[in-house]
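Engineer: The following block contains the structure, expressed as structure tokens.
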Amino acid sequence: MKLPVYLRCGVYYLHTRLNGRQIKVSLRTRDKDTAMLRALALYPNLMMNRKAPSLDDLLAGFKSGTFNKLEVERITFPSGAQLQGVKVDPNNPHDVQSLLNLVNSLSLPVNAPTSDFTPHDVPNPHQADKNGSTSLKLLELLDKYKLLNKTRSSATLKSYQTHIEEFSRFVKNRQVHLIGKGDVTLFLEHLAKSKNTPRTIENKIATVRALFNFAIKHGYYFDSNPASGRQLVSKTDKIKSGYEIYELDEIKALFKLEELRKYKQSHEFWVPLLGLLTGARVGEICKLSLDDIKKTSSGTNYIKIKDSKTIAGVREIPLHPFLFELGFQDFIKDKKNGLFPYLIEIEGRGNGSRVSKFWKRHMERYDVNRDRLVFHSLRKFLNDYLMSNGMPIEPRCQLLGHELDNVNVSTYSNKFNVDKLAELAFPIIDKMLIEIDIKSKANKV
């Protein structure tokens, strides 16, 4: 079968006429075989009432040498039934016969028109259901995601569930393969009209994008990601709208040891101090167990973060000696079920939610009430303080578990060991403790 496909500027186009009008469709490929496959899929729709290429035409096409191989992710027949994961070698008669047998086994005519198929490197066959459809719906796809991403925190999965349920309702529970870029655009407009903030819209679309990336990776979706390139908030705007950093006077007000000691729960004393002196995330601190407290051969105590929201977050953080001056060693002894076993995850909100609520009340008590100041601001404060006092970016990012944007540094630099991190960080933390007037008041608890 001969199709009006031509090459221009390295990209293939399908060029034809319909009712006196020229029609040109980019096939977005530099490979002739792939271009012919895509042209075969598009041509019937362009020609409308003209005879569509049949499966016979398709087979005849590669037999005659029009293209060398057939790799089709999905063939949809008029009945709605689909064939998926078709790979045929024209030089192998067994392959050709197997395809014909597959068609016959579905009781479909061999000359049924073909449409809606896309070449892909990793086919993923599925059995057609009773309605002739093989595509998952959004919530079914989310179930697959949760099954294969069990390391995700319950808070993250709960957020994904909420966002995808909202998107699913908007597209009326449509099947995944029927969702395109236009649907995401309309969803963006819907979210904006519903008075979501740009940051909230960004988070919801990011969830949709992540789910479709998963679908593409595992063969549940065969087009480009419909939610890609939809960022509403620039990187600069994200930084501006993110959490604020504490001022030194605010840290001084919040870390009066005699006041922190008055609280009844151990996490109300130790978690803030660990946050200030290690820069660890609240969830990372709350999950610590006795096994995570270690010591190097030269005597530097450190914590091992085994579970974090990023790859860079899995790290080792030296523990400043001031913690042990306060009695940290006595606190951790005999803690067999975690340092803070009662800080369990509740309703998908993460095991740091209880600390975050306490910290908000603590800030209110000392009139530290600037917008966007939260427990996470302790992490930002330490990072800013270390940077302002000369700690280089590489060990600082390793200490805090930040991803490095610089490819040269992130790819070719060696990791710093715990002793070296302590050597770089502890003198600066000593200075900080003096400035906030806390070290001179240290007594065991």
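Engineer: In region 356-387, which residues are hydroxyl-bearing (Ser, Thr, Tyr) and under 19 Å from residue 320 (Cα atoms)? Don't jump to the end; show me each part of the working.
Structural biologist: First, pick out the residues of region 356-387 that are hydroxyl-bearing (Ser, Thr, Tyr): 356, 366, 377, 385.
Within region 356-387, just 385 meets the criteria.
Engineer: Answer yes or no as to whether residue 148 is in the same structural domain as residue 216 (by TED's automatic domain parsing), at pLDDT below 90, farther than 19 Å from residue 216 by Cα and out of contact with any Asp or Glu (no Cβ under 6 Å at 6 or more places or on another chain).
Structural biologist: Working: in the same structural domain as residue 216 (by TED's automatic domain parsing): yes; at pLDDT below 90: yes; farther than 19 Å from residue 216 by Cα: no; out of contact with any Asp or Glu (no Cβ under 6 Å at 6 or more places or on another chain): yes.
No; evaluated as a whole, the condition is false for this residue.
Engineer: Which ranges mark the helices (runs of 4 or more DSSP H) fully within region 192-303 that have 1 or more residues being in the same structural domain as residue 429 (by TED's automatic domain parsing), at negative phi and surrounded by 17 or more Cβ atoms within 10 Å (Cβ to Cβ)? Quick ask: steps written out before the conclusion?
Structural biologist: Values: elements: 198-217, 235-241, 248-254, 257-260, 267-278, 282-286.
In region 192-303, 248-254, 257-260, 267-278, 282-286 are the helices (runs of 4 or more DSSP H) which contain 1 or more residues that are in the same structural domain as residue 429 (by TED's automatic domain parsing), at negative phi and surrounded by 17 or more Cβ atoms within 10 Å (Cβ to Cβ).
Engineer: For residues in region 391-415 being buried (at least 18 other Cβ atoms within 10 Å of the Cβ) and part of a loop (DSSP other than H, G, I, E, B), which is modelled with the lowest pLDDT? If you could, list the steps in order and put the result at the bottom.
Structural biologist: Filtering region 391-415 for residues buried (at least 18 other Cβ atoms within 10 Å of the Cβ) gives 391, 395-401.
Next cut, part of a loop (DSSP other than H, G, I, E, B) only: 391, 401.
Details: 391: 95, 401: 90.
Here the residue is 401.
Engineer: Another question, then. Which of the residues belonging to region 155-193 are of a type in the set (A, V, I, L, M) and in contact (Cβ under 8 Å) with a residue 24 or more places away in the chain? Walk me through how you get there before you give the answer.
Structural biologist: Our first condition is that a residue be of a type in the set (A, V, I, L, M); within region 155-193, this holds for 155, 157, 164, 171, 176, 178-179, 184, 186, 188, 191-192.
If the condition is that a residue be of a type in the set (A, V, I, L, M) and in contact (Cβ under 8 Å) with a residue 24 or more places away in the chain, then 155, 157, 164, 171, 176, 178, 179, 184, 188 are the ones that fit.
Engineer: Now a separate question. How many residues are touching a residue at least 24 places away in the same chain (Cβ under 8 Å) and charged (D, E, K, R) if we restrict to region 194-227?
Structural biologist: The total comes to 4.
The values are calculated or read from the model by the stated rules, or taken from the named source; none is laboratory data. These numbers come from a predicted model, not from an experiment. Neighbour counts run over all protein chains shown; Cβ positions are idealised from the backbone, glycine included.
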